[in-house]
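Peer 1: Here it is: the structure, laid out below.
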Amino acid sequence: MPTTKEFSIHLEDRPGTLGKVCRALADRNVNIIAFQSAPIEGKSLVHLVVDNPTTARTVLDSEKLSYRETEVARVTLPHRAGELARAAERLGDAKININFAFCGSEPGRNEPVLYFGVADAGRAATILDQAASAAAGR
């Protein structure tokens, strides 16, 4: 499975801030593929995976937002009991710590996609690819 770019954006935790960012991205035809938001010390930490990181970067810069861009491991697993457990266990067995994780959906398909923020996204992607292959055989 591949790796992909993820944006971690620090926003003010108040009504309308998330909508403004999402609207700015939409106005530039950037599709949000996966999303997570959580309050942290009076701010919101928003994780986004988009279909066009280059344009998203331009939008975030023009909005003068504080963000970090990182590589995350991406995997599509079957929608059935135990698949997340198996993927997380494989990463744990390889001594890869999961710093954060969230999910989205595969554009044009009804399949969940999981994103794992880890120190070595390339290595984690290889392990998750093996987990996905094993899950497909079940």
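Peer 1: For region 61-138, which strands (runs of 3 or more DSSP E) that fit wholly inside it have 1 or more residues that are in the same structural domain as residue 22 (by TED's automatic domain parsing)?
Peer 2: Result: 66-76.
Peer 1: Could you run through region 5-31 and say how many residues are closer than 24 Å to residue 42 by Cα, in contact with a helix residue (DSSP H, G or I) (Cβ under 6 Å, 6 or more places away or on another chain) and not in a helix (DSSP H, G or I)?
Peer 2: Going through region 5-31 one residue at a time, the tally reaches 1.
Peer 1: Pick from region 2-23 the residues that are surrounded by 16 or more Cβ atoms within 10 Å (Cβ to Cβ) and over 19 Å from the mean Cα position of the chain (by Cα): which of them is modelled with the lowest pLDDT?
Peer 2: 13
Peer 1: Which of the residues belonging to region 1-23 are of a type in the set (Asp, Glu) and either farther than 24 Å from residue 74 by Cβ or without any contact (Cβ under 8 Å) to a residue 24 or more places away in the chain (or both)?
Peer 2: Listed by number, the residues that qualify are 12, 13.
The values are calculated or read from the model by the stated rules, or taken from the named source; none is laboratory data. Since this is a predicted model, take the numbers as computed values, not measurements. Methodologically, a virtual Cβ is constructed for each residue, glycine included, from the backbone with ideal geometry; neighbour enumeration extends over all protein chains shown.
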